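Note sheet for the following structure.
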Amino acid sequence: MDDIDVKIINTLLANSRITIKDLSKDIDLSNVAIQSRINKLEEKGIVTGYTSQINYKKLGFSTIAFVGIFLEKAKYYREVKEKLNAVKNITEAHFTTGNYSIFAKIYAKNNDHLMEILNGEVQNIKGIARTETFISMEEGVLKPLMI
């Protein structure tokens with residue numbers, strides 16, 4: 001990976017919808033060279049997909065919560081991870097060090113909906129001993145990591 005690849009990655013992070021033509025102009029390489037480099041970044045597993053940022057509040061999801069999950073035993077991690085992945089409103093789950101085995105991010109319509117998700121889905125997963133929930137007051141920083 002060289003400086004040109006870094007420029008391509010940072011540009012895609014800032015705007016995944018940029019055209020190859022515009023990316024070529026910004027980096028001063030031919031369309032073919034840019035496309036070839038993107039293909040190589042994808043083949044290496046560096047670029048794994050293209051996403052959009054969504055304003056979930058405008059879609060009716062006004063509550064963001066983080067849930068610290070305590071496992072009964074560490075051996076339940078893989079099973080619990082699969083079950084958490086099936087919970088529609090969980091957008092992230094991280095296996096962590098510290099107090100929690102897993103730290104998850106949940107989008108909910110409101111606090112009542114959050115309770116339904118926690119009581120009806122998350123806390124019923126075999127292997128979860130208990131949870132602690134933190135409600136986000138504001139999503140203050142949301143950005144990609146530029147390299």
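The values are calculated or read from the model by the stated rules, or taken from the named source; none is laboratory data. Predicted model, so just to flag it, every value in this text is computed and none were measured. Cβ coordinates were reconstructed from backbone atoms using ideal geometry, including for glycine residues, and neighbour counts include every protein chain displayed.
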So R130 ticks every box in (1) surrounded by fewer than 12 Cβ atoms within 10 Å (Cβ to Cβ); (2) in contact (Cβ under 8 Å) with a residue 40 or more places away in the chain; (3) assigned to a helix (DSSP H, G or I) but one. Which box is left unticked? (3)
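Is it true that K109 is surrounded by 11 or more Cβ atoms within 10 Å (Cβ to Cβ), within 16 Å of the chain's Cα centre (by Cα), assigned by TED's automatic domain parsing to the domain that holds S62 and charged (D, E, K, R)?
Values: surrounded by 11 or more Cβ atoms within 10 Å (Cβ to Cβ): yes; within 16 Å of the chain's Cα centre (by Cα): no; assigned by TED's automatic domain parsing to the domain that holds S62: yes; charged (D, E, K, R): yes.
Considered against the rule, which asks whether it is surrounded by 11 or more Cβ atoms within 10 Å (Cβ to Cβ), within 16 Å of the chain's Cα centre (by Cα), assigned by TED's automatic domain parsing to the domain that holds S62 and charged (D, E, K, R), K109 comes out as no.
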Which of the residues belonging to the stretch 43-60 are surrounded by fewer than 13 Cβ atoms within 10 Å (Cβ to Cβ) and in a helix (DSSP H, G or I)? E43, K57, K58, L59
Kindly establish whether T96 is surrounded by fewer than 18 Cβ atoms within 10 Å (Cβ to Cβ), free of Cβ contacts under 8 Å to residues at least 60 places away in the same chain and under 19 Å from the mean Cα position of the chain (by Cα). yes
